[in-house]
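Every read-out reported here was derived from the displayed coordinates using simple, explicitly stated rules and does not represent laboratory data. The shown structure was predicted, so the numbers you read here are calculated from the model rather than taken from an experiment. Cβ atoms come from the backbone with ideal geometry, glycine included; neighbour counts cover every protein chain shown.
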Amino acid sequence: MPIRTILLFGGRSAEHEVSILSARSVANAAPKPSIEIVPVCIAKDGRFVSPERSARILNDNDKSDRGDDDYSMELWARDAGIDCVFPLIHGTDGEDGTLQGYLEILGLPYVGSGVTASAIGMDKGHMKHAFAAAKLPLVDFVQVQENDWRNERERIMRAVNNALRLPYFVKPANGGSSVGVTKVKSDDDLAAAIEKAFRFDEKALVERGIDAREIEVAVLGNDDPKASLPGEIIAAREFYDYEDKYVDDKTQLVIPAKLPKEKTDEFRRLAIAAFKAIGAAGYARVDFFLERGKNRLYVNEINTIPGFTNISMYPKLWEATELKYPRLIERLIELGIERSRTRASRQESAMTWFDEVKGIV
Ligand SMILES: Nc1ncnc2c1ncn2[C@@H]1O[C@H](COP(=O)(O)OP(=O)(O)O)[C@@H](O)[C@H]1O
Ligand SMILES: [Mg+2]
């Protein structure tokens, strides 16, 4: 029997189109007959699209602006014989735990991190706190809450000056694809950069900007995760910004990254530590900075739903390490089902305990 898997894609974020590309790649490469893919799109208006029309969107024969008024995934999934869901929606409402919570309520196993890890991984403030608790190396940063900024701007500017050296990187805590990220080279430009970050979130981070190589590692597994070889991103612009990621397409991926053996080992070890620090599951991509000159390494961020087209960093890293794309897809689905079984059996054991206690009383 094939594993019947809903491929969930689209979503309301800036990464809607990227998600379609990731999903299209997965639908084409998922090994048959072991995996049966049922596509379901979340349209730009936030509504679900029926599997028939979703398949047309994947084939580029339909638009994904509006959902179907008369389609309810919840009702449909009840007796559609679904074994697993593969959510491939990046950013808000897809990668931040909300969608994962919805799938939990529906009782459907799914690929990737659960609610808590997704939420922590999406919020760069909470993410850094989890990393700091695990003693991972981080660049210095100052967190700014919009309300505090409105009331005590001078104090916050001074705090940034005292804590950090120019240039700074200012970013919204919840973001992705470099949206709202600014490199600040003079204190005169700091306020505008913070205001810009607040267009996207009520919390902004100001970080020490470092001159660094950008190294990424793919992690795969549940309780005993493994790390791929590291890869390097060589941005065509001043930093790896939105245009660079999706418009210019001149970014270069170097796989594996050219690094001495000890550094490679250190990146792999820290990637697994970062994965565990937020309690991730299934897969995640961990992004690092390797400071030029000093040769020091810092964890930048973790992405719990990394770009997943056949030419994206995550699948390419596994291909270079040991797993080809079709097998990787299958493995992720197996891991999702495995995690759901472990959780279900724990819930059963908890229920049995309650029954035992009630028996005593
Ligand atoms: N502290 C920093 N020092 C140097 N470059 C940075 C720093 N923070 C971000 N950048 C640059 O900005 C890009 C996007 O920032 P990042 O924190 O990864 O946000 P996103 O979640 O949008 O990818 C990075 O890939 C890097 O090129
Ligand atoms: Mg990034």
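What ranking, highest mean first, results for peptides 111-120, 165-174 when packing means the other Cβ atoms within 10 Å averaged over each residue?
Put in order of decreasing packing, that is 111-120, 165-174.
With labels modelled as points extended 7 Å from the Cα through the Cβ direction, what inter-label distance (nm, one decimal) is found for E348 paired with S34?
Once both label points are built, they end up 2.5 nm from each other.
How many percent of DSSP beta bridges within region 3-111 run antiparallel, rounded to 5?
So the antiparallel bridges amount to about 15 percent of the total.
Using the Cβ atoms and a cut-off under 15 Å, what net charge is assigned to the surroundings of E338, where Lys and Arg are +1 and Asp and Glu are -1?
Local charge sum for E338: +1.
Using +1 at the C-beta of Lys and Arg and -1 at the C-beta of Asp and Glu, which of I234, S13, N310 has the Cα lying farthest in the positive direction of the dipole of the chain?
The listed residue farthest towards the positive side: I234.
Please report Y298, Y283 as a ranked list, fewest other C-beta atoms within 10 angstrom at the top and most at the bottom.
Final ranking by Cβ density, sparse to dense: Y298, Y283.
Given K171/K250; K171/K276; K261/K294; K128/K203, which pairs have Cα atoms separated by over 21 Å?
K171/K250; K171/K276
Extending each Cα 7 Å along its Cβ direction at S72 and R155, get the distance between those two points in nm, one decimal.
5.0
Under a Cβ-only charge scheme (Lys and Arg +1, Asp and Glu -1), can you give me the dipole magnitude of the chain about the Cα centre, in debye to the nearest 20?
I would put it at about 960 debye.
If we sort 89-102, 218-231, 63-76 on the protection proxy, mean other Cβ atoms within 10 Å, highest first, what's the order?
Descending mean neighbour count gives 89-102, 218-231, 63-76.
Rank K316, K263, K124 by mean-square fluctuation in a GNM of the chain with C-alpha springs under 10 angstrom and give only the top-ranked residue.
Taking springs between Cα atoms under 10 Å, the residue moving most is K263.
Restricting to Cα pairs below 8 Å that are 6+ residues apart, what does the relative contact order work out to for the chain? Please round to a whole percent.
18
Give me the distance between the Cα centres of region 120-161 and region 12-77, rounded to whole Å.
36
Dipole of the chain (Lys/Arg Cβ +1, Asp/Glu Cβ -1, origin at the Cα centre): which of G175, V217, A344 lies farthest to the positive side?
Result: V217, furthest along the dipole toward the positive end.
Compute a Gaussian network model of the chain, connecting alpha carbons closer than 10 Å, and tell me which residue from I210, I20, I272 fluctuates the most.
I210
Give, as a single signed number, the net charge of other residues whose beta carbon lies under 12 Å from the beta carbon of Q143, with Lys and Arg counted +1 and Asp and Glu -1.
That sum, taken over residues with Cβ under 12 Å, equals -3.
Could you give the dipole magnitude of region 3-111 about its Cα centre, charging the beta-carbon of Lys and Arg +1 and that of Asp and Glu -1, in debye to the nearest 20?
Rounded to the nearest 20 debye, it is 280 debye.
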